[in-house]
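Trainee: Following this message is one structure expressed as structure tokens.
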Amino acid sequence: MTSLFEYAPAPESRSIVDIAPSYGLFIDGEFVDGTGESFKSVNPATEEVLTEVSAGSGADVDRAVAAARRAFTRVWGPMRPADRGKYLFRIARLLQERAREFAVLESLDNGKPIRESRDVDVPLAAAHFFYHAGWADKLDHAGLGPGPRPLGVAGQVIPWNFPLLMLAWKVAPALATGNTVVLKPAETTPLTALLFAEVCQQADLPPGVVNIVTGAGDTGRAVVEHGDVDKVAFTGSTEVGKSIARAVAGTRKSLTLELGGKAANIVFDDAPIDQAVEGIVQGIFFNQGHVCCAGSRLLVQESVHDEAIASLQRRIGTLRVGDPLDKNTDIGAINSAEQLARIRELSDVGEAEGAQRWQPACDLPDRGFWYPPTVFTDVSPAHRIAREEVFGPVLSVLTFRTPDEAVAKANNSTYGLSAGIWTEKGSRILKIANQLRAGVVWANTFNKFDPTSPFGGYKQSGYGREGGRHGLTGYLKGATHS
Ligand code: NAD
Ligand code: MN
């Protein structure tokens, strides 16, 4: 990419990872051959095939759920909570010890910049295990009602945008509350989940407490619909989330859904523009915009629109798109050809509907899946790019005149996951935040995550919370929080 600054390439070595030619499923503490087909996992930055992975069949899912049930009944359920905590601490420490390996593998399989996998995904995944390890023997004191008890076997299905981090968000609270797990990673990013299976072995976690069944949507459906699963936890698209809600309705299963978003990032005229621009960039270009809580709708007060957009464009001109393993890279590869096609299609629709597309001069690699950082101005609330989740590095800019108009436009969405507010006035932050129908509201920052803070949405962004005390209730019988 043409940039104001030139850097020598600074690639992280991939020699720390050791990828086998093929992988089985992790069931009952060991890697076993799947009975289904196998499929390839690809490096989206090069289209290189990294390895072959099993597509778990219904019979494989049966075995995994049976192993999880046995482990729940015989070992993990009866175990002293403090001992469960020790395993979680051990897993957390192993994630830290093997952090570089996880980061490089995540960037290879997913396409995200090493700067992010190294500084965000992996440290946060370890933090989730540390945080939940601490809860394991304190659940009676968590203010969740008397004697909270585990549900049993949790079936968990996760997406490809934060493969290891979403695993941690699912597995850590489930285990801390005494449940066992069958987890299905996304089909384009199974590798860090398989490395996590090795960590479970290394931690001497009792067999069957964590089972990893790779595969695509059919494997996910088999997990979700399995008759001996007590809890379903899903993160992914709203469309699949709805089909899961239908499948689970009328069963005794407990369900949490973390779905899409179309967050408003609201910039008032008194905001420090340079800081707001950093937050806008962080909000939409972090992880190539493959973020459910991405700040994909910029709402900027009319009086500062031109200044903010000029400053934003200057800043975007300095972003480096390219090799995910290069430590200078800001924007890596789009995770799959399918996702790239979806981003291109919606962007073309944006232009056809009358919005103005702006992209910086940008040399993209010849191989792999890439999309330049993109800003649409002159977007109206009715445009599809203002309503639908693009899940890519594409920002839609709308304007407002008054705070009331900002709130109305921000809430004019079928989603309600997150929002951002940029202003100098603390009183305005509190007032606006209280009016926003969004599960997470950031003020003068964006995309900040912490295991102590509950995360989740309203409306079609799903239900249930992950993280914090609230997140524990999704894995406990009869738990309530005040
Ligand atoms: P998806 O919902 O199809 O996939 C998410 C996970 O669900 C994957 O593990 C997949 O194998 C599994 N799955 C698919 N069908 C299933 C079924 N019927 N039952 C059970 N599990 C099933 O998402 P996608 O196709 O990878 O992406 C499509 C769009 O979804 C994206 O463009 C984006 O807008 C959105 N998305 C949102 C998130 C998020 O974090 N909210 C994550 C990924 C994708
Ligand atoms: Mn991959």
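The values are calculated or read from the model by the stated rules, or taken from the named source; none is laboratory data. None of these values were measured; they are calculated from a predicted model. Positions of Cβ are generated from backbone atoms using ideal geometry, with glycine treated the same way; all protein chains shown enter the neighbour counts.
Trainee: Test L205 against the stated conditions and say whether it is assigned by TED's automatic domain parsing to the domain that holds A126, in contact (Cβ under 8 Å) with a residue 40 or more places away in the chain and within 18 Å of the chain's Cα centre (by Cα). Reasoning before the result, please.
Mentor: On the way: assigned by TED's automatic domain parsing to the domain that holds A126: yes; in contact (Cβ under 8 Å) with a residue 40 or more places away in the chain: yes; within 18 Å of the chain's Cα centre (by Cα): no.
Judged against the criteria, L205 is not a match.
Trainee: If you don't mind, there's one more thing I want to ask. Regarding region 102-111, can at least one residue be identified that is at pLDDT 95 or above, touching a strand residue (DSSP E or B) at 6+ places or on another chain (Cβ under 7 Å) and within 16 Å of ligand 2 (Cβ to nearest atom)?
Mentor: Going through region 102-111, the residues at pLDDT 95 or above turn out to be 102-111.
Imposing the further condition that a residue be touching a strand residue (DSSP E or B) at 6+ places or on another chain (Cβ under 7 Å) reduces the set to 108-109.
Then keep just the ones that are within 16 Å of ligand 2 (Cβ to nearest atom); that gives 108-109.
The answer is yes; a qualifying residue exists.
Trainee: Moving to a separate point now. Within region 118-135, can you find the residues that are in contact with a Pro (Cβ under 8 Å, 6 or more places away or on another chain) and among the small types (G, A, S)?
Mentor: Scanning region 118-135 gives a single hit, A127.
Trainee: From the list L183, L175, L167, pick out the single residue that is in the same structural domain as D121 (by TED's automatic domain parsing), under 20 Å from V229 (Cα atoms) and part of a strand (DSSP E or B).
Mentor: Values: L175 fails: part of a strand (DSSP E or B); L167 fails: part of a strand (DSSP E or B).
Only one candidate passes the filter, namely L183.
Trainee: Failed condition for I16, given (1) touching a Lys or Arg at 6+ places or on another chain (Cβ under 7 Å); (2) assigned to a helix (DSSP H, G or I), with all others met?
Mentor: Result: I16 passes all but (2).
Trainee: What pairs can you find where one residue is in region 53-69 and under 16 Å from V232 (Cα atoms), the other is buried (at least 24 other Cβ atoms within 10 Å of the Cβ) and of a type in the set (S, T, Y), and their Cβ atoms are less than 8 Å apart, with a gap of 6+ or different chains?
Mentor: From residues that are under 16 Å from V232 (Cα atoms), the pairs are V61/T219; A68/T180; R69/T180.
Trainee: Now for a separate question. Go through I385, I429 for me and flag whichever is part of a helix (DSSP H, G or I), surrounded by 19 or more Cβ atoms within 10 Å (Cβ to Cβ) and of a type in the set (A, V, I, L, M). Even if it seems obvious, please write down each step before you answer.
Mentor: Values: I429 fails: surrounded by 19 or more Cβ atoms within 10 Å (Cβ to Cβ).
Going through I385, I429 in turn, the sole match is I385.
Trainee: For residues that are away from ligand 2 (no atom under 12 Å from the Cβ) and in contact with a helix residue (DSSP H, G or I) (Cβ under 7 Å, 6 or more places away or on another chain), scanning just region 180-199, find the one that is farthest from V49 (Cα to Cα).
Mentor: Per the stated criteria, the residue is T180.
Trainee: Specify the residue that is surrounded by the most Cβ atoms within 10 Å (Cβ to Cβ); the eligible residues are those in region 243-277 that are without any contact (Cβ under 8 Å) to a residue 12 or more places away in the chain and within 13 Å of ligand 1 (Cβ to nearest atom).
Mentor: Applying the first criterion (without any contact (Cβ under 8 Å) to a residue 12 or more places away in the chain) to region 243-277 yields 243, 246, 249-251.
Next, only the ones that are within 13 Å of ligand 1 (Cβ to nearest atom) stay: 243, 246.
Working: S243: 15, R246: 9.
My answer is S243.
Trainee: With respect to the numbered conditions (1) among the aromatic types (F, W, Y); (2) surrounded by fewer than 19 Cβ atoms within 10 Å (Cβ to Cβ); (3) more than 16 Å from ligand 1 (Cβ to nearest atom), which one is the sole condition not fulfilled by F39?
Mentor: Going through (1) among the aromatic types (F, W, Y); (2) surrounded by fewer than 19 Cβ atoms within 10 Å (Cβ to Cβ); (3) more than 16 Å from ligand 1 (Cβ to nearest atom) one by one, F39 breaks only (3).
Trainee: Show the residue pairs that are 6+ apart or on different chains and have beta-carbon atoms under 6 Å apart, the first residue being within region 91-114 and among the aliphatic types (A, V, I, L, M), the second being within 16 Å of ligand 1 (Cβ to nearest atom).
Mentor: Filtered contacts from region 91-114: L95/A125; L105/L191; L105/T192.
Trainee: Select from region 466-476 the residues that are touching a residue at least 60 places away in the same chain (Cβ under 8 Å) and not small (G, A, S) and write down the one among them that is surrounded by the most Cβ atoms within 10 Å (Cβ to Cβ). It would help to see each step written out before you state the result.
Mentor: If we filter region 466-476 for residues that are touching a residue at least 60 places away in the same chain (Cβ under 8 Å), which is where we start, we get 466-467, 469, 471-476.
Narrowing further to those that are not small (G, A, S): 466, 469, 472-473, 475-476.
On the way: E466: 24, R469: 17, L472: 24, T473: 24, Y475: 27, L476: 23.
Of everything passing the filter in region 466-476, Y475 is surrounded by the most Cβ atoms within 10 Å (Cβ to Cβ).
Trainee: A further question on this structure: With the checklist (1) in a loop (DSSP other than H, G, I, E, B); (2) closer than 23 Å to V248 by Cβ; (3) more than 16 Å from ligand 2 (Cβ to nearest atom) in hand, flag the one item W160 doesn't pass.
Mentor: Answer for W160: the failing condition is (3).
Trainee: Looking at region 95-122, which of the residues that are surrounded by fewer than 19 Cβ atoms within 10 Å (Cβ to Cβ) and farther than 30 Å from R367 by Cα is farthest from ligand 1 (Cβ to nearest atom)?
Mentor: Step by step, filter region 95-122, then rank; the result is E97.
Residues are listed down the side, and each one gets a yes or a no for (1) modelled with pLDDT under 95; (2) among the hydrophobic types (A, V, I, L, M, F, W, C); (3) not assigned by TED's automatic domain parsing to the domain that holds D62:
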| position | (1), (2), (3) |
| --- | --- |
| G236 | no, no, no |
| K242 | no, no, no |
| K253 | no, no, no |
| A271 | no, yes, yes |
| G289 | no, no, yes |
| V300 | no, yes, yes |
| G317 | no, no, yes |
| G332 | no, no, yes |
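Trainee: Here's something else I'd like to know. Working carefully through the options L191, L195, find the one that is in contact with a Lys or Arg (Cβ under 8 Å, 6 or more places away or on another chain) and over 24 Å from A438 (Cβ atoms). Step through it out loud before you land on a result.
Mentor: Working: L191 fails: in contact with a Lys or Arg (Cβ under 8 Å, 6 or more places away or on another chain).
When all the criteria are applied, what remains is L195.
Trainee: Oh, and also: So which of G155, G147 is small (G, A, S), at pLDDT 95 or above and not in a helix (DSSP H, G or I)?
Mentor: Values: G147 fails: at pLDDT 95 or above.
The match here is G155.
Trainee: Quick one: what pairs do we get from region 389-408, first residue farther than 30 Å from F369 by Cα and in the same structural domain as L298 (by TED's automatic domain parsing), second in a strand (DSSP E or B) and hydrophobic (A, V, I, L, M, F, W, C), C-beta under 6 Å, 6+ apart or different chains?
Mentor: Final answer for the pair search is T399/V300; F400/L299; A406/I266; A406/L299; A406/F400.
Trainee: If you don't mind, there's one more thing I want to ask. List pairs: first in region 3-32 and closer than 30 Å to V213 by Cβ, second among the small types (G, A, S) and part of a loop (DSSP other than H, G, I, E, B), Cβ under 7 Å, 6+ apart or cross-chain?
Mentor: That search, which allows pairs on different chains as well, returns G24/G34; L25/G34; L25/G56; D28/G208; G29/G208; F31/G24; V32/G24.
Trainee: Scan (1) buried (at least 24 other Cβ atoms within 10 Å of the Cβ); (2) farther than 18 Å from D33 by Cβ; (3) out of contact with any Lys or Arg (no Cβ under 6 Å at 6 or more places or on another chain) for the single condition V223 breaks and write down its number.
Mentor: Condition (3) is where V223 drops out.
Trainee: Within region 436-457, does at least one residue satisfy the condition of being acidic (D, E), at pLDDT 95 or above and in contact with a strand residue (DSSP E or B) (Cβ under 6 Å, 6 or more places away or on another chain)?
Mentor: At the first step, the residues of region 436-457 found to be acidic (D, E) are 450.
Of the ones still in play, those that are also at pLDDT 95 or above are 450.
Imposing the further condition that a residue be in contact with a strand residue (DSSP E or B) (Cβ under 6 Å, 6 or more places away or on another chain) reduces the set to none.
Taking every residue of region 436-457 in turn, none turns out to be acidic (D, E), at pLDDT 95 or above and in contact with a strand residue (DSSP E or B) (Cβ under 6 Å, 6 or more places away or on another chain).
Trainee: A further question follows. Do we have A126 as farther than 18 Å from N335 by Cα, buried (at least 22 other Cβ atoms within 10 Å of the Cβ) and of a type in the set (A, V, I, L, M) here? Give the steps one after another, and end with the answer.
Mentor: Values: farther than 18 Å from N335 by Cα: yes; buried (at least 22 other Cβ atoms within 10 Å of the Cβ): yes; of a type in the set (A, V, I, L, M): yes.
Answer is yes for this residue.
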